1. Inspect the stretch 162-176 for any residue being farther than 24 Å from THR18 by Cβ and at pLDDT 85 or above and give the result as yes or no.
2. Give the residue that is farthest from GLN301 (Cα to Cα), with candidates limited to residues of the stretch 215-245 that are part of a loop (DSSP other than H, G, I, E, B) and of a type outside the set (A, V, I, L, M).
3. Let me spell it out: the conditions are (1) crowded, with 16+ Cβ neighbours inside 10 Å; (2) not assigned by TED's automatic domain parsing to the domain that holds LEU90; (3) not basic (Lys, Arg), and ASP273 meets all of them except one. Which number is the exception?
4. Return the residues of the stretch 209-230 that are surrounded by 21 or more Cβ atoms within 10 Å (Cβ to Cβ), within 19 Å of ARG160 (Cβ to Cβ) and among the hydrophobic types (A, V, I, L, M, F, W, C); say none if nothing qualifies.
5. Kindly establish whether GLY150 is in a loop (DSSP other than H, G, I, E, B), assigned by TED's automatic domain parsing to the domain that holds ILE41 and modelled with pLDDT under 85.
6. Considering PHE198, PHE205, which residue is within 26 Å of the chain's Cα centre (by Cα) and among the aromatic types (Phe, Trp, Tyr)?
7. Test each condition in (1) at pLDDT 95 or above; (2) assigned to a helix (DSSP H, G or I) for VAL281 and report the one that comes out false.
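The values are calculated or read from the model by the stated rules, or taken from the named source; none is laboratory data. Since the structure is predicted, the reported quantities are computational estimates derived from the model, not experimental observations. Cβ coordinates were reconstructed from backbone atoms using ideal geometry, including for glycine residues, and neighbour counts include every protein chain displayed.
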Amino acid sequence: MSTEGGTKAVVAALLANTGIAVTKFIAFLLTGFSSMLAESIHSLADAGNQGLLLLGGKRSQREASEEHPFGYGRERYIYAFIVSIVLFSLGGLFALYEAYHKFHELQGGHGGDSLQSKWRLVPLGVLAVAIVLESLSFRTALIEGNKVRGEQGWWSFIRRAKAPELPVILLEDFAALVGLVVAFTAVGLSLITQNAYFDVGGTGFIGVLLIVVAVILAIEVKSLLIGESATRKSIAQMREAIESTPGVTQIIHMKTLHIAPEELLVAVKIGIDAGATGAEVAAVIDAAERNIRAAEPMAQQVFLEPDVFRSDHVPDARPEVPTAPSH
């Protein structure tokens, strides 16, 4: 569900941003407003980012190989991290440069031609249409996000989600909407007051906004790249499934790791009765593995180690205590 919803949101955002980028750039060529150039580059960066997310999703579906025995699921995290870099450099830094460049043009007595252009009202129309299209894209992301976030708040969902696509699109679309409103306001104030510094201020604000969003994205995806455990709920379900397996005396320790958004690696050392035969131990392990997979379908890589629990196993006896990811 999360993969399908994420893909749908990505495609909707890609279509919207491609059309918006073209119309914004045409408006910039007609008028010279720096806010329009910053926004056109912003939309171009967003469209490229959505293409990267789709590419990452496609490449992550490759079959596991001898060199990559756990598959390529983490490629989705890699491409999401690249998205944050693109948004920071191509979107944020370019907008700040354009604001700096336009400011110095105005200081030198140039750069005010956009206020006298016969096309000067075109950007307002383009931005109004862009706000509508971006709102539709954001609405799609919200609808798909509502299907998978459960009772979590939006910020918690963005921070805790294991699949990167929806959080990335939610942040990008939110930033895009804010940027569009700021650009519309900046251009409108510039035209009303005949003061192009409003345009410069709007361009600078867009640059700072994109850099902040890019940094947030980078922090979130970095944690996924390093490797996060399963959710508290998932760990509790698997622990219950193991402990209810006949022949298991206790869980000595348990570790989980997301090797892909919808795939978990689970490693557990379980206590077995000291008098069990080899065949009985094997039967207990098989039963525990079946119970784990039934309790958590994402547990596709399961490794169980039997042992006889002793009190001197204290270092190993600490079960995994799921903590909230630091990102």
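1. Start the filter on the stretch 162-176 by keeping residues that are farther than 24 Å from THR18 by Cβ, which leaves 162.
Retained after the next criterion (residues that are at pLDDT 85 or above): 162.
Yes, that holds for at least one residue.
2. Going through the stretch 215-245, the residues part of a loop (DSSP other than H, G, I, E, B) turn out to be 227-231, 244-245.
Among the residues that remain, those that are also of a type outside the set (A, V, I, L, M) are: 227-229, 231, 244-245.
Numbers: GLY227: 15, GLU228: 15, SER229: 13, THR231: 16, SER244: 20, THR245: 19 Å.
Residue satisfying both the conditions and the ranking: SER244.
3. Unmet for ASP273, out of (1) crowded, with 16+ Cβ neighbours inside 10 Å; (2) not assigned by TED's automatic domain parsing to the domain that holds LEU90; (3) not basic (Lys, Arg): (1).
4. Of everything in the stretch 209-230, those that are surrounded by 21 or more Cβ atoms within 10 Å (Cβ to Cβ), within 19 Å of ARG160 (Cβ to Cβ) and among the hydrophobic types (A, V, I, L, M, F, W, C) turn out to be VAL213, LEU217, VAL221, LEU224, ALA230.
5. On the way: in a loop (DSSP other than H, G, I, E, B): yes; assigned by TED's automatic domain parsing to the domain that holds ILE41: yes; modelled with pLDDT under 85: yes.
Yes: the conditions hold for GLY150.
6. PHE205
7. (1)
Yes/no matrix, rows are residues, columns are (1) surrounded by 15 or more Cβ atoms within 10 Å (Cβ to Cβ); (2) in the same structural domain as GLY56 (by TED's automatic domain parsing); (3) among the hydroxyl-bearing types (Ser, Thr, Tyr); (4) within 30 Å of ILE169 (Cα to Cα):
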{"site": "GLY207", "(1), (2), (3), (4)": "yes, yes, no, yes"}
{"site": "GLU240", "(1), (2), (3), (4)": "no, no, no, no"}
{"site": "THR245", "(1), (2), (3), (4)": "yes, no, yes, no"}
{"site": "LEU257", "(1), (2), (3), (4)": "yes, no, no, yes"}
{"site": "ARG293", "(1), (2), (3), (4)": "yes, no, no, no"}
